[in-house]
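The values are calculated or read from the model by the stated rules, or taken from the named source; none is laboratory data. This one's a predicted model, so the numbers in the text were calculated from it and none came from an experiment. Cβ placement follows ideal geometry from the backbone for every residue including glycine, while neighbour counts extend to all protein chains displayed. What goes into the accessible areas is simple: the full protein's heavy atoms, side chains included, and nothing from ligands, DNA or RNA. Shrake-Rupley method; radii C 1.70, N 1.55, O 1.52, S 1.80 Å.
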Amino acid sequence: RVVPFGVVVFFTSYEAESSFFDVAQRASVVDQLSRFKRVFREQRGGNHDELLEDYRRHIVRQQSQPAADGPCRGALLTAVLGGKLSEGINFADDMARAVFVVGLPYPNP
(Lines give C-alpha, C1' and ligand atoms only; values in the text may rest on other atoms or scores of the structure.)
Protein backbone atom coordinates (compact mmCIF):
# COMPACT_ATOMS: atom_id res chain seq x y z
CA ARG A 1 0.00 0.00 0.00
CA VAL A 2 2.85 2.38 0.75
CA VAL A 3 5.12 1.85 -2.26
CA PRO A 4 3.55 3.25 -5.43
CA PHE A 5 3.82 1.67 -8.85
CA GLY A 6 6.36 -1.14 -9.31
CA VAL A 7 7.76 -3.55 -6.75
CA VAL A 8 10.13 -6.34 -7.81
CA VAL A 9 10.76 -9.41 -5.65
CA PHE A 10 13.67 -11.68 -6.57
CA PHE A 11 13.76 -15.28 -5.35
CA THR A 12 16.77 -17.59 -5.34
CA SER A 13 15.06 -20.22 -7.52
CA TYR A 14 11.82 -21.04 -9.29
CA GLU A 15 11.18 -23.61 -6.58
CA ALA A 16 11.55 -20.98 -3.83
CA GLU A 17 9.17 -18.64 -5.68
CA SER A 18 6.64 -21.42 -6.17
CA SER A 19 6.88 -22.54 -2.54
CA PHE A 20 6.37 -18.97 -1.35
CA PHE A 21 3.25 -18.56 -3.50
CA ASP A 22 1.82 -21.92 -2.40
CA VAL A 23 2.08 -20.90 1.25
CA ALA A 24 0.96 -17.31 0.56
CA GLN A 25 -2.13 -18.51 -1.33
CA ARG A 26 -3.15 -20.90 1.45
CA ALA A 27 -2.82 -18.03 3.95
CA SER A 28 -4.81 -15.65 1.67
CA VAL A 29 -1.81 -13.33 1.46
CA VAL A 30 -1.92 -13.30 -2.34
CA ASP A 31 -5.60 -12.30 -2.30
CA GLN A 32 -4.87 -9.46 0.12
CA LEU A 33 -1.87 -8.32 -1.90
CA SER A 34 -3.85 -8.41 -5.15
CA ARG A 35 -6.20 -5.77 -3.78
CA PHE A 36 -3.30 -3.30 -3.85
CA LYS A 37 -0.90 -4.57 -6.49
CA ARG A 38 -1.43 -6.59 -9.64
CA VAL A 39 0.85 -9.64 -9.38
CA PHE A 40 3.05 -10.70 -12.30
CA ARG A 41 5.05 -13.93 -11.92
CA GLU A 42 8.07 -15.07 -13.93
CA GLN A 43 7.55 -18.67 -15.05
CA ARG A 44 10.27 -21.08 -16.13
CA GLY A 45 10.13 -21.21 -19.91
CA GLY A 46 7.47 -18.49 -20.06
CA ASN A 47 7.34 -15.57 -22.46
CA HIS A 48 9.50 -13.13 -20.50
CA ASP A 49 9.29 -10.31 -23.03
CA GLU A 50 5.49 -10.39 -22.95
CA LEU A 51 5.42 -10.57 -19.14
CA LEU A 52 7.76 -7.59 -18.81
CA GLU A 53 5.77 -5.59 -21.37
CA ASP A 54 2.48 -6.35 -19.57
CA TYR A 55 4.09 -5.28 -16.27
CA ARG A 56 5.43 -2.06 -17.85
CA ARG A 57 2.07 -1.24 -19.47
CA HIS A 58 0.26 -1.71 -16.17
CA ILE A 59 2.69 0.68 -14.44
CA VAL A 60 2.30 3.29 -17.20
CA ARG A 61 -1.51 3.01 -17.01
CA GLN A 62 -1.34 3.55 -13.25
CA GLN A 63 0.74 6.69 -13.79
CA SER A 64 -1.77 8.21 -16.20
CA GLN A 65 -5.00 6.93 -14.59
CA PRO A 66 -4.31 6.25 -10.90
CA ALA A 67 -7.88 5.24 -10.12
CA ALA A 68 -8.34 2.99 -13.18
CA ASP A 69 -8.04 -0.23 -11.20
CA GLY A 70 -9.75 0.98 -8.05
CA PRO A 71 -7.55 0.69 -4.96
CA CYS A 72 -4.89 -1.22 -6.91
CA ARG A 73 -1.81 1.01 -7.02
CA GLY A 74 0.78 -0.55 -9.23
CA ALA A 75 2.20 -3.99 -9.68
CA LEU A 76 4.39 -6.59 -8.08
CA LEU A 77 6.74 -8.61 -10.27
CA THR A 78 8.37 -11.79 -9.02
CA ALA A 79 11.54 -12.95 -10.73
CA VAL A 80 14.34 -15.43 -10.14
CA LEU A 81 17.97 -14.45 -9.57
CA GLY A 82 19.86 -15.74 -12.58
CA GLY A 83 16.62 -15.93 -14.59
CA LYS A 84 15.77 -13.94 -17.70
CA LEU A 85 14.27 -11.01 -15.79
CA SER A 86 17.22 -10.56 -13.47
CA GLU A 87 19.87 -10.17 -16.15
CA GLY A 88 20.40 -6.96 -18.10
CA ILE A 89 17.00 -5.36 -17.52
CA ASN A 90 16.84 -1.78 -16.31
CA PHE A 91 13.98 -1.42 -13.83
CA ALA A 92 14.18 2.37 -13.91
CA ASP A 93 12.01 4.86 -12.05
CA ASP A 94 8.47 3.62 -11.42
CA MET A 95 9.24 0.13 -12.71
CA ALA A 96 10.87 -0.71 -9.38
CA ARG A 97 10.22 1.71 -6.53
CA ALA A 98 11.17 -1.12 -4.16
CA VAL A 99 13.25 -4.26 -4.69
CA PHE A 100 13.35 -7.27 -2.38
CA VAL A 101 15.59 -10.34 -2.48
CA VAL A 102 14.17 -13.41 -0.74
CA GLY A 103 16.88 -15.85 0.35
CA LEU A 104 20.58 -16.02 -0.37
CA PRO A 105 21.55 -16.91 -3.94
CA TYR A 106 24.02 -19.67 -3.11
CA PRO A 107 24.37 -22.54 -5.59
CA ASN A 108 22.95 -25.91 -4.61
CA PRO A 109 25.57 -28.23 -3.05
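Taking the Cα centre of the chain as origin and charging only Cβ (+1 Lys, Arg; -1 Asp, Glu), how large is the dipole, in debye to the nearest 20?
380 debye
For the charge dipole of the chain, defined by +1 on Lys and Arg C-beta atoms and -1 on Asp and Glu C-beta atoms about the Cα centroid, which residue among L51, F91, V2 has the Cα displaced farthest towards the positive pole?
It is V2, whose Cα lies furthest towards the positive end.
On average, how much area does the Cα convex hull of the chain cover when viewed from any direction, in nm²?
7.2 nm²
Just name one of L77, V60, Q32: the one whose Cα is farthest towards the positive end of the charge dipole of the chain (beta-carbon charges, Lys/Arg +1, Asp/Glu -1).
Q32
Would you grab the residues whose amide H sits under 5 Å from the one on L77? Only those 5+ places off in sequence or on another chain, please, with H modelled 1.01 Å from N.
Amide H neighbours of L77, under 5 Å, 5+ apart: V7, V8, V9, F40.
Using helices alone, I'd like the mean residue ellipticity at 222 nm for the chain: each DSSP H run of four-plus residues gives -39500 (n - 2.57), total over residue count, nearest 500.
Calculated mean residue ellipticity at 222 nm is -10500 deg cm²/dmol.
Which whole-number percent is the relative contact order of the chain (Cα, under 8 Å, 6+ apart)?
51 percent
Share of the chain's accessible area from carbon and sulfur, percent, 1.4 Å?
53 percent
Ranked highest first by average number of other Cβ atoms within 10 Å, how do 95-102, 3-10 line up?
The densest-packed peptide leads the list: 3-10, 95-102.
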